[in-house]
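Have a look at the structure below before the remarks.
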């Protein structure tokens with residue numbers, strides 16, 4: 001279904017954006033503003049954020065893989081990586097910021113529902 005693929009692609013792009021924010025812009029004004037960090041906190045947590053960004057890149061890569069995979073397992077791949085995004089979003093909402101529920105988890109849940117409407 002084309003709408004499902006569009007949603008998967010948008011979530012992949014979102015996670016590529018997270019990768020850029022966390023790996024390269026964490027201690028820059030745009031990164032500090034996005035995450036509500038001070039320069040001191042950003043400096044202390046930069047390596048952790050880069051690691052986190054790398055994981056977001058893996059999620060994006062898996063979602064992109066699902067877009068180009070043969071139909072026989074494309075949906076299974078999309079389901080797996082969207083479920084990973086959903087779980088990460090729920091965990092982040094409980095441990096870091098409630099807004100992660102709306103920015104990350106809810107879009108993944110919507111995409112999961114749409115991808116499986118066949």
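When you scan segment 95-111, do you find a residue that is more than 13 Å from the chain's Cα centre (by Cα) and closer than 21 Å to residue 1 by Cβ, even just one?
There is at least one residue in segment 95-111 that is more than 13 Å from the chain's Cα centre (by Cα) and closer than 21 Å to residue 1 by Cβ.
Of the conditions (1) part of a helix (DSSP H, G or I); (2) touching a helix residue (DSSP H, G or I) at 6+ places or on another chain (Cβ under 8 Å), residue 58 satisfies every one except a single condition; which number is it?
(2)
With respect to residue 49, is the statement that it is modelled with pLDDT under 95 and either over 11 Å from the mean Cα position of the chain (by Cα) or farther than 13 Å from residue 108 by Cβ (or both) true?
Judged against the criteria, residue 49 is not a match.
Could you check residue 36 against (1) modelled with pLDDT of 95 or more; (2) more than 20 Å from residue 2 (Cβ to Cβ) and say which number it fails?
(1)
Quick one: in segment 33-75, of everything that is crowded, with 17+ Cβ neighbours inside 10 Å and free of Cβ contacts under 8 Å to residues at least 12 places away in the same chain, which residue is nearest to residue 91 (Cα to Cα)?
The residue in question is 37.
Residues of segment 15-32 being loosely packed, with under 15 Cβ neighbours inside 10 Å and either in contact (Cβ under 8 Å) with a residue 24 or more places away in the chain or not in a helix (DSSP H, G or I) (or both), which ones?
Within segment 15-32, 24, 28 meet the criteria.
Scan segment 82-93 and tell me whether some residue there is touching a residue at least 40 places away in the same chain (Cβ under 8 Å), surrounded by 14 or more Cβ atoms within 10 Å (Cβ to Cβ) and under 17 Å from residue 105 (Cβ atoms).
Yes, there is a match, as at least one residue in segment 82-93 is touching a residue at least 40 places away in the same chain (Cβ under 8 Å), surrounded by 14 or more Cβ atoms within 10 Å (Cβ to Cβ) and under 17 Å from residue 105 (Cβ atoms).
The values are calculated or read from the model by the stated rules, or taken from the named source; none is laboratory data. Source: prediction; values computed, not measured. Don't worry about glycine lacking a Cβ; one is built from the backbone with ideal geometry, like all the others, and counts go over all protein chains shown.
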